[in-house]
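Structure, as structure tokens:
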Amino acid sequence: MYVKEISEIENLIQKQAQWRNRCINLIASENIVSQRVRAQAGSDFAHRYAEGHPGERYYRGTSYIDEIENQLTTNLKILFACDHAEVRPISGTNANEAVFSRFVCPGDVVMVNSTPAGGHISHHREGSLGKFTKNIIDIPLTADGYHLDLEKTMYLIEKARPKIIVLGKSLFLFPEPVQELSEVCRQYGTRIMYDAAHVLGLIAGKQFQRPLKEGAFLMTASTHKTYYGSQRGLILSNMEADDWRKIDRGAFPGSSSNHHLDTLAQMAISTYEMMEFSEQYAVDTIKNAKALAAALDRFGFDVQAKEFGYTESHQVAVNVRDFRGGERVSRNLEINDIIINMNMLPHEPLKSHDHPDGIRIGVQEMTRFGMGAVEMEHIAELIKECIIDRKPVKEEVNRFRSEYQRVKYSYDEPQPRQLKVLDGKRVKS
Ligand SMILES: Cc1ncc(COP(=O)(O)O)c(C=O)c1O
């Protein structure tokens, strides 16, 4: 009865894949998984349940996912040099909620980055944190808007005694001063929660800060932005066992029941890719962000934080008010198959969120497709032609992108052929 409708959906799925394969994708919160990881989407695990922990499930039939989950947890502890890894949250927001639900009570003060400063909605009144307390105060910033004001923040911690300060954000150009705040936080009983959703892959590659080592009591994250895994969430920590039990209960049954086993298995593969390739990937990603920022600046764009070298992450922020704002610019770029998002900038009032001055650009996905500094220069030129010269660039975007199709920093690259044992005989795999 619905055969036609189903075909239409299938058609849309195909169109999306073909379209985004022709696009220059610069959304800072996205990435691409390798073919090897993609091949496991929709495995039998997609149909199954496994509440609880490996070996202590509420369901039978889980022996294989138990093995995979154990391997993943062990590998994450090695990769991030920590004692605990909670892999069951199915998104970054879900991970944040698991923490807030167990560590924030009504009336507790929590300090966060405001929305214009780049803070994520899950840290705010309207999002997850707002379900547990309304006593949320903004972290003060320095005049440039891209750095936390240490002196004022320390003063506020002393006066307001927040239970938690949430560092890490969605517009995330520079490391947060975790180490610098750790002493005053210890003194006043404030715990540092670090939201690494955007920068997890850079931390894995040891090219950003190391929040847990610097004094954060836990780190939450998404696994699909700079960390190029399937779409999930994570909590990592070195906290005491009693506190970790709270996180454990926060993740299950607190904020999820079944934890989407097919993407968990994919994440286990992505994590091996990260263990092998993340260092070079992170170096190249940050280099590319700096190259793109410098080129856009040269072409006449108001690239933010110039006096600080533009960025230390995968992101570039640009004020495009002179070109009719972020909404208009992102739309014009999309028509030309360059995909970015509009973004509020730190100087803006909250009410400007639908028509902000800024755009946010992330280079991690194009880095994975093998682009380097030369290609960043070309992307900047295409953006300039589209936005400043008002020329159509779609054809060139599609031609250029067609040259970058293979996912690097993964085992998709040809690996040496290995012998495997089949029915007692050694054969080529
Ligand atoms: C800082 C930050 N935290 C949390 C999240 C939420 O992650 P997810 O989309 O995986 O729920 C995001 C998403 O963009 C983010 O930027």
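The values are calculated or read from the model by the stated rules, or taken from the named source; none is laboratory data. Please read these numbers as outputs of a predicted model, since none were measured by experiment. Cβ atoms come from the backbone with ideal geometry, glycine included; neighbour counts cover every protein chain shown.
Overview of results
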{"item": "Selected residue (criterion: nearest to LYS287 (Cα to Cα)) from residues of the range 193-226 that are among the charged types (D, E, K, R) and buried (at least 24 other Cβ atoms within 10 Å of the Cβ)", "result": "LYS225"}
{"item": "Within the range 26-142, helices (runs of 4 or more DSSP H) holding 1 or more residues that are within 16 Å of the ligand (Cβ to nearest atom) and closer than 30 Å to ARG161 by Cβ", "result": "92-103"}
{"item": "Scope the range 164-192; condition surrounded by fewer than 24 Cβ atoms within 10 Å (Cβ to Cβ) and of a type in the set (Phe, Trp, Tyr); matching residues", "result": "PHE174, TYR188"}
{"item": "Single condition VAL329 does not satisfy, out of (1) closer than 20 Å to LYS169 by Cβ; (2) in contact with a strand residue (DSSP E or B) (Cβ under 7 Å, 6 or more places away or on another chain); (3) buried (at least 22 other Cβ atoms within 10 Å of the Cβ)", "result": "(1)"}
{"item": "Looking only at the range 2-25, and only at residues there that are more than 16 Å from the ligand (Cβ to nearest atom) and not in a helix (DSSP H, G or I), the one that is nearest to HIS198 (Cα to Cα)", "result": "ILE24"}
{"item": "Tally of residues being of a type in the set (Ser, Thr, Tyr) and either without any contact (Cβ under 8 Å) to a residue 40 or more places away in the chain or in contact with a helix residue (DSSP H, G or I) (Cβ under 6 Å, 6 or more places away or on another chain) (or both) across the range 257-287", "result": "4"}
{"item": "Qualifying residue in the range 129-143 (condition: closer than 30 Å to LYS306 by Cα, hydroxyl-bearing (Ser, Thr, Tyr) and surrounded by 19 or more Cβ atoms within 10 Å (Cβ to Cβ))", "result": "no"}
{"item": "Subset tally (residues that are part of a helix (DSSP H, G or I) and crowded, with 22+ Cβ neighbours inside 10 Å) for the range 285-325", "result": "8"}
{"item": "Test for TYR404: is it touching a Phe, Trp or Tyr at 6+ places or on another chain (Cβ under 9 Å), at pLDDT below 95 and of a type in the set (Ser, Thr, Tyr)", "result": "no"}
{"item": "Any chance THR226 is within 14 Å of the chain's Cα centre (by Cα), touching a residue at least 60 places away in the same chain (Cβ under 8 Å) and within 16 Å of the ligand (Cβ to nearest atom)", "result": "yes"}
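Table: residues versus (1) more than 16 Å from the ligand (Cβ to nearest atom); (2) out of contact with any His (no Cβ under 6 Å at 6 or more places or on another chain); (3) assigned to a helix (DSSP H, G or I); (4) over 27 Å from GLU51 (Cβ atoms).
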position	(1), (2), (3), (4)
THR220	no, yes, no, no
TRP244	yes, no, yes, no
SER257	yes, yes, no, no
SER278	yes, yes, yes, yes
